[in-house]
Amino acid sequence: MKNETLVLAKALIARPSITPADEGCQQLIIHRLTPLGFSSEVFACGDVTNLLILHGTGRATPGSGRRRRNTAAALKRPVIEKILTHLGLDPQPPPRGPAREIGQH
């Protein structure tokens, strides 16, 4: 019996990928995850191609209770803005509300 995760890891490690030369790693990941119900968004940030992998819809699927799972996190503001813009969403955060007094809910 083959361990598919190990096979994929070996295939990715075997590719001489150094940013920005991906050597087909992202396409291999897309090819392997799409049949499992994942969707992908590919976008460029400068000369680097980035891959965003999504699973589910973000809402519970009727009858299944499943929700979208986060598979990665972006922490740098320019990267987050680029992702949101690519998805057609407003990249600006909402305004901050006023601070609450102690004991307020």
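The values are calculated or read from the model by the stated rules, or taken from the named source; none is laboratory data. Note that the coordinates shown come from a computational prediction; the quantities given were computed from them, not determined experimentally. Counting neighbours? That spans all protein chains shown, and the Cβs are built from the backbone with ideal geometry, glycine included.
Remarks
- Residue within the range 72-85 that is within 16 Å of residue 8 (Cβ to Cβ) and either modelled with pLDDT under 65 or within 12 Å of the chain's Cα centre (by Cα) (or both) present: no
- Restricting the range 1-36 to residues that are surrounded by 13 or more Cβ atoms within 10 Å (Cβ to Cβ) and polar (S, T, N, Q) leaves a set whose member that is farthest from the chain's Cα centre (by Cα) is 17.
- Complete set of residues in the range 37-54 that are surrounded by 12 or more Cβ atoms within 10 Å (Cβ to Cβ) and either of a type outside the set (A, V, I, L, M, F, W, C) or part of a helix (DSSP H, G or I) (or both): 39, 40, 41, 49, 50
- Tabulated pairs, the range 77-105, first touching a residue at least 12 places away in the same chain (Cβ under 8 Å), second in a loop (DSSP other than H, G, I, E, B) and among the β-branched types (Val, Ile, Thr), C-beta under 8 angstrom, 6+ apart or interchain: none
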